[in-house]
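Pasting a structure below so you can have a look.
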Amino acid sequence: MFDILFVGGGLAASLSAYLLRQKIPSLKVLVLEARGRSDFPKQTWSFQTLPKAIDPSPGKSFTAPSASWFGPLIAKSWPSYDVEFPSFQKSFSVPYHSMRSETFHSGVDEIAGSCFRFRCRVTKISDKSVELESGEILKARVVLDSRGWPADAGASGYQKFVGLTLKLARPHTLTSPILMDCVTPQLDGYRFFYTLPWSDREVLIEDTRYSNTPDLDQTVMEQEILDYATRKGFKVESITGREHGSLALPGYDQERGDFPKGALGVRAGFYHPTTGYSVYEAVQTAELIAEHALHNLESIPKRLKDLADERWRSQEFYRRLNNMLFYAAEPSERYRILERFYEHDADLIARFYAGKTSLGDKVKIMSGRPPIAMQKAIYHFFNRTQSVREVNHA
Ligand SMILES: Cc1cc2nc3c(=O)[nH]c(=O)nc-3n(C[C@H](O)[C@H](O)[C@H](O)COP(=O)(O)OP(=O)(O)OC[C@H]3O[C@@H](n4cnc5c(N)ncnc54)[C@H](O)[C@@H]3O)c2cc1C
């Protein structure tokens with residue numbers, strides 16, 4: 001009998017197990033993961049430092065992430081980040097951090113490796129037990145379902161990307177990540193390049209698109225990345241890593257997903273509706289689980305469900321924005337919405353990424369003439385149906 005059993009050993013469960021092993025080593029924790037450790041695809045999880053007032057984690061860990069309990073899992077931090085649009089370039093003096101799957105997994109395994117069982121696909125989940133593909137049944141006081149994005153996740157659109165880690169023949173001159181370089185042809189929706197300078201001779205470049213479809217042509221996009229690298233003056237020696245993803249972003253027209261008690265991670269809707277990112281939420285829920293694991297273990301599934309329900313309500317603004325982005329804006333014009341967004345100050349942008357957009361922020365984001373067709377923008381922000389889009393696309 002285990003105390004707490006996670007089904008799925010991705011970002012959310014790994015962070016929770018990592019924290020639980022450190023805070024309550026006596027707790028019997030089990031993480032069942034369908035893949036083998038060496039089968040995990042390469043992945044990079046990034047986030048920025050947050051002001052205390054909007055930090056969603058109970059321990060305020062995002063005010064100084066490097067000094068926090070998950071600090072050892074951060075591969076690289078930079079003091080600032082940049083964005084580049086056709087009409088301006090801007091640098092934000094806000095620290096930016098990235099975790100890389102290779103070092104993330106070795107860091108997690110060092111502390112919590114004994115909690116993991118790999119190549120264990122779970123076929124049935126109930127409140128207190130799970131059944132494995134092999135027929136084995138395992139029991140726990142609490143079972144948490146952290147199996148990642150459900151296959152049927154509905155979407156108004158997709159944030160999709162292909163990334164290449166490039167080894168360079170000579171050092172580059174970048175000092176900060178470029179979060180969005182959208183001075184580039186607008187293909188397949190809002191399109192930008194994202195660059196993380198890991199070291200003076202190693203960069204990750206992602207070709208990212210806010211698109212109406214999840215499809216990725218990896219070969220073509222990889223070539224686009226190499227062409228971009230050449231345009232930027234990088235001399236590529238070799239490709240040392242590949243990653244890709246297609247994150248389903250919910251719209252205002254979408255029904256509320258069914259987040260059962262005990263769901264965790266993106267499975268429970270713990271991600272930002274407009275960016276698809278989930279590091280803030282994964283840390284927040286890890287801290288919530290650790291806080292209650294010692295004295296209120298059995299209350300955890302209900303607490304997670306309450307948080308998921310509250311989030312669904314409080315994140316409606318972002319789902320409305322997604323409607324506007326994906327239904328109202330012509331794909332080639334979408335960048336104008338983001339261009340205008342990044343004219344705002346760093347605090348508003350941090351609140352947006354933390355999912356803590358204030359009423360004042362909402363007014364600022366929505367005020368003025370929309371940078372896209374007014375009638376469609378207003379229609380899709382306030383309506384659940386896609387009828388204007390259908391009429392206009394007919
Ligand atoms: C390539 C990529 C890059 C991303 N970059 C960022 C980023 O920079 N910042 C950010 O905040 N977010 C990012 N995201 C979004 C989000 O943070 C990630 O998707 C994150 O990994 C979600 O965490 P999770 O634990 O909920 O699910 P996952 O990490 O997807 O973990 C789910 C796990 O469950 C396992 N599983 C599934 N079914 C079973 C089963 N039946 N039995 C046992 N195990 C099972 C899977 O194998 C998987 O390992 C990115 C996503 C992708 C795909």
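Tell me, please, whether a residue that is in a loop (DSSP other than H, G, I, E, B) and either within 15 Å of the ligand (Cβ to nearest atom) or modelled with pLDDT under 95 (or both) can be found in region 74-83. Explain how you work it out, then say what you get.
So in region 74-83, the residues in a loop (DSSP other than H, G, I, E, B) come out as 74-75, 79-80.
Of the ones still in play, those that are also either within 15 Å of the ligand (Cβ to nearest atom) or modelled with pLDDT under 95 (or both) are 74-75.
Yes, that holds for at least one residue.
What pairs come up if the first residue lies in region 146-174 and is under 30 Å from residue 233 (Cα atoms), the second is within 16 Å of the ligand (Cβ to nearest atom) and of a type in the set (Asp, Glu), and their beta carbons are under 7 Å apart, counting only those six or more places apart or on different chains?
As it stands, the answer is 161/206; 161/207; 162/206; 162/207; 162/222; 163/206; 163/243; 164/222, since those pairs meet every condition given.
Can you name every residue in region 325-360 that is within 19 Å of residue 252 (Cα to Cα), part of a helix (DSSP H, G or I) and open to solvent by less than 20 Å² (accessible area, probe 1.4 Å)?
If the condition is that a residue be within 19 Å of residue 252 (Cα to Cα), part of a helix (DSSP H, G or I) and open to solvent by less than 20 Å² (accessible area, probe 1.4 Å), then 325, 326, 327, 328, 352 are the ones that fit.
Checking residue 120 against (1) in a loop (DSSP other than H, G, I, E, B); (2) at pLDDT below 95, which single condition isn't satisfied?
(2)
Oh, and also: Could you say whether any residue in region 359-370 is at pLDDT 75 or above, within 19 Å of the chain's Cα centre (by Cα) and under 27 Å from residue 183 (Cα atoms)?
For region 359-370, residues at pLDDT 75 or above, within 19 Å of the chain's Cα centre (by Cα) and under 27 Å from residue 183 (Cα atoms): absent.
Does any residue in region 45-66 that is in contact (Cβ under 8 Å) with a residue 12 or more places away in the chain come within less than 8 Å, Cβ to Cβ, of a residue that is aromatic (Phe, Trp, Tyr) and more than 16 Å from the ligand (Cβ to nearest atom) six or more places away or on a different chain, and which pairs are these?
As it stands, the answer is 59/69; 61/69, since those pairs meet every condition given.
For region 88-113, which positions are free of Cβ contacts under 8 Å to residues at least 24 places away in the same chain and more than 30 Å from residue 344 (Cα to Cα)?
106, 110, 113
Separate question: Can you pull out every residue in region 182-225 that is basic (Lys, Arg) and open to solvent by 10 Å² or more (accessible area, probe 1.4 Å)?
Taking region 182-225 as the starting set, the residues that turn out to be basic (Lys, Arg) are 191, 201, 209.
The answer is 201, 209.
Oh, and also: Here are some residues: 110, 133. Which one is more than 13 Å from the ligand (Cβ to nearest atom), closer than 30 Å to residue 30 by Cβ, open to solvent by 70 Å² or more (accessible area, probe 1.4 Å) and not aliphatic (A, V, I, L, M)? Before you say what the answer is, go through the steps one by one.
Details: 133 fails: more than 13 Å from the ligand (Cβ to nearest atom).
After applying the criteria, what remains is 110.
Taking the condition of being away from the ligand (no atom under 16 Å from the Cβ) and touching a helix residue (DSSP H, G or I) at 6+ places or on another chain (Cβ under 9 Å), how many residues in region 240-277 meet it?
Of the residues in region 240-277, 6 are away from the ligand (no atom under 16 Å from the Cβ) and touching a helix residue (DSSP H, G or I) at 6+ places or on another chain (Cβ under 9 Å).
Quick one: how many residues across region 84-106 are aliphatic (A, V, I, L, M) and more than 16 Å from the ligand (Cβ to nearest atom)? Show your work before the answer.
Restricting attention to region 84-106, the residues satisfying the condition of being aliphatic (A, V, I, L, M) are 94, 99.
Now narrow it down to the ones that are more than 16 Å from the ligand (Cβ to nearest atom): none.
Total satisfying the criteria: 0.
Right, something else. Name the residue that is farthest from residue 197 (Cα to Cα), counting only residues in region 136-154 that are within 14 Å of the ligand (Cβ to nearest atom) and at pLDDT below 95.
In this case the residue turns out to be 152.
Residue 273: part of a helix (DSSP H, G or I) and of a type outside the set (A, V, I, L, M), yes or no?
On the way: part of a helix (DSSP H, G or I): no; of a type outside the set (A, V, I, L, M): yes.
So residue 273 does not fit the description; no.
Return only the number of the condition from (1) surrounded by fewer than 17 Cβ atoms within 10 Å (Cβ to Cβ); (2) modelled with pLDDT of 95 or more; (3) not hydrophobic (A, V, I, L, M, F, W, C) that residue 42 does not satisfy.
Of (1) surrounded by fewer than 17 Cβ atoms within 10 Å (Cβ to Cβ); (2) modelled with pLDDT of 95 or more; (3) not hydrophobic (A, V, I, L, M, F, W, C), only one is false for residue 42: (2).
What is the one condition in (1) open to solvent by less than 20 Å² (accessible area, probe 1.4 Å); (2) assigned by TED's automatic domain parsing to the domain that holds residue 11; (3) in contact with a strand residue (DSSP E or B) (Cβ under 9 Å, 6 or more places away or on another chain) that residue 305 does not satisfy?
(1)
Could you list, in sequence order, the residues of region 170-193 that are acidic (Asp, Glu) and at pLDDT 95 or above? Please lay out each step first, then the result.
The first filter runs over region 170-193 and keeps only residues acidic (Asp, Glu), leaving 181, 188.
Once the filter is applied, which keeps residues that are acidic (Asp, Glu) and at pLDDT 95 or above, region 170-193 yields only 181.
Right, another one. Is it true that residue 179 is open to solvent by 10 Å² or more (accessible area, probe 1.4 Å), more than 10 Å from the ligand (Cβ to nearest atom) and free of Cβ contacts under 8 Å to residues at least 40 places away in the same chain? Give the steps one after another, and end with the answer.
On the way: open to solvent by 10 Å² or more (accessible area, probe 1.4 Å): yes; more than 10 Å from the ligand (Cβ to nearest atom): yes; free of Cβ contacts under 8 Å to residues at least 40 places away in the same chain: no.
Considered against the rule, which asks whether it is open to solvent by 10 Å² or more (accessible area, probe 1.4 Å), more than 10 Å from the ligand (Cβ to nearest atom) and free of Cβ contacts under 8 Å to residues at least 40 places away in the same chain, residue 179 comes out as no.
Among (1) in contact with a strand residue (DSSP E or B) (Cβ under 6 Å, 6 or more places away or on another chain); (2) of a type outside the set (A, V, I, L, M); (3) not in a strand (DSSP E or B), which single condition is residue 237 missing?
Answer for residue 237: the failing condition is (3).
The values are calculated or read from the model by the stated rules, or taken from the named source; none is laboratory data. Just so it is clear, the structure is predicted and the values come from calculations on it, not from any experiment. No Cβ is skipped: glycine too gets one built from the backbone with ideal geometry, and neighbour counts run over all protein chains shown. The accessibility values were calculated without ligands, DNA or RNA, using every heavy atom of the protein model including side chains. Shrake-Rupley method; radii C 1.70, N 1.55, O 1.52, S 1.80 Å.
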